[in-house]
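Asker: Handing you this structure, nothing more for now.
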Amino acid sequence: EVTLTIASPDADGQIVSLPAWIPGSYMIREFARNIVQIRAESGGRKLRIAKCDKHTWRAARCDGPLTIVYQVYAWDLSVRAAHLDQTHGFFNGTSVFLRVHGQEALPHVVDICPPEGDAYKGWRVATSLPELKARRHRFGTYVAQDYDELIDHPVEMGEFELIRFEAHGVPHEMAITGRVPNLDGARLAADLKKICDAQIALFEPATKRAPMDRYVFLTMAVGDGYGGLEHRASTALI
């Protein structure tokens with residue numbers, strides 16, 4: 001379930017939409033088909049929200065802040081979409097974050113809420129999305145400077161192994177969820193460091209510094225399957 005709060009909605013009726021594709025995976029994906037329920041309200045009053053086309057909605061006019069609550073069917077175990085079950089949660093912003101037309105250039109604050117119950121008390125958060133009030137690897141608020149940045153930082157939640165290293169002075173992490181019974185973290189970190197050092201030196205020969213402050217590999221170990229999708233400060237891997 002996703003709750004979208006728009007402080008100053010369009011006076012003529014706010015239009016929102018979900019992307020049809022995700023950068024880096026060049027096929028039409030129609031993510032809006034996974035929105036199974038949507039409603040709108042303002043000041044405790046229910047508002048009409050009408051579907052304009054297969055991925056766009058318009059909410060009725062309102063004077064104050066607009067809240068849109070929607071449910072997303074999250075059962076795509078891939079690097080492209082969203083998957084949520086009792087073992088972990090993973091999502092790309094293109095699958096879950098409605099675009100607020102006319103306000104794409106404004107900062108977007110995301111509150112990632114923990115699941116309820118003792119079974120999930122060990123869950124953490126792995127993402128390259130900058131923290132606002134959340135502590136690193138914890139639930140809470142994160143921030144993106146605009147919508148393009150918002151959808152370019154996938155999120156992994158659950159109990160994961162965390163590997164850390166530096167490449168040319170830039171902190172790198174790899175969060176691994178799933179089947180990792182015999183993980184050799186030290187060897188993996190050493191090998192990855194060599195690859196990342198060489199890659200940064202190749203593409204940034206003058207400065208030998210990566211064009212980000214931190215980089216995160218989000219890895220789901222599923223046993224049978226593979227895939228990868230690159231983002232501005234992270235990579236989603238299976």
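The values are calculated or read from the model by the stated rules, or taken from the named source; none is laboratory data. Predicted, not measured: the structure shown is a model, and the values here were computed from it. Please note: Cβ atoms are built from the backbone with ideal geometry, for glycine as well, and neighbour counts cover all protein chains shown. Heavy atoms of the whole protein, side chains included, go into the accessibility calculation; ligands, DNA and RNA do not. Shrake-Rupley method; radii C 1.70, N 1.55, O 1.52, S 1.80 Å.
Asker: Which one of GLN71, GLN103 is closer than 21 Å to ALA20 by Cβ and crowded, with 17+ Cβ neighbours inside 10 Å?
Answerer: Of the residues listed, the single one that is closer than 21 Å to ALA20 by Cβ and crowded, with 17+ Cβ neighbours inside 10 Å is GLN103.
Asker: From the list ALA119, ALA105, exactly one residue is hydrophobic (A, V, I, L, M, F, W, C) and either farther than 30 Å from ARG58 by Cβ or in contact with a strand residue (DSSP E or B) (Cβ under 6 Å, 6 or more places away or on another chain) (or both). Which is it?
Answerer: Being hydrophobic (A, V, I, L, M, F, W, C) and either farther than 30 Å from ARG58 by Cβ or in contact with a strand residue (DSSP E or B) (Cβ under 6 Å, 6 or more places away or on another chain) (or both) holds for just one of ALA119, ALA105, which is ALA119.
Asker: Restricting attention to the stretch 1-42, report how many residues are closer than 17 Å to VAL79 by Cβ, out of contact with any Phe, Trp or Tyr (no Cβ under 9 Å at 6 or more places or on another chain) and open to solvent by 30 Å² or more (accessible area, probe 1.4 Å).
Answerer: So the answer is 3.
Asker: I'd like the residue in the stretch 81-100 that is within 24 Å of GLY178 (Cβ to Cβ) and in contact with a helix residue (DSSP H, G or I) (Cβ under 8 Å, 6 or more places away or on another chain) and, out of all such residues, is surrounded by the fewest Cβ atoms within 10 Å (Cβ to Cβ).
Answerer: Here the answer is GLN86.
Residues checked against (1) over 15 Å from the mean Cα position of the chain (by Cα); (2) closer than 13 Å to ASP152 by Cα; (3) open to solvent by 40 Å² or more (accessible area, probe 1.4 Å):
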position	(1), (2), (3)
ALA201	yes, no, no
ALA206	yes, no, yes
ARG209	yes, no, yes
TYR215	no, yes, no
GLY223	yes, no, yes
ALA236	no, yes, no
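Asker: Could you give every pair whose Cβ atoms fall below 8 Å, whose first residue belongs to the stretch 11-30 and is free of Cβ contacts under 8 Å to residues at least 24 places away in the same chain, and whose second residue is not in a strand (DSSP E or B), counting only separations of at least 6 or pairs across chains?
Answerer: Note: pairs meeting the criteria are MET27/TRP21; ILE28/ALA20; ILE28/TRP21.
Asker: If a residue has to be without any contact (Cβ under 8 Å) to a residue 12 or more places away in the chain and either under 16 Å from SER234 (Cα atoms) or of a type in the set (Asp, Glu) (or both) to count, how many in the stretch 175-198 make the cut?
Answerer: 3
Asker: OK, next. Identify, from the list ASP152, ASP148, the residue that is within 19 Å of SER95 (Cα to Cα), of a type in the set (Asp, Glu) and open to solvent by 50 Å² or more (accessible area, probe 1.4 Å).
Answerer: None of the other options fit; the residue is ASP148.
Asker: Still on this structure, please answer the following. I want to confirm something. Restricting to the stretch 167-193 and keeping residues that are within 15 Å of TYR215 (Cβ to Cβ) and not hydrophobic (A, V, I, L, M, F, W, C), which single residue is surrounded by the fewest Cβ atoms within 10 Å (Cβ to Cβ)?
Answerer: GLY169
Asker: Please give the number of the condition LEU18 fails out of (1) within 16 Å of the chain's Cα centre (by Cα); (2) closer than 24 Å to THR219 by Cβ.
Answerer: (2)
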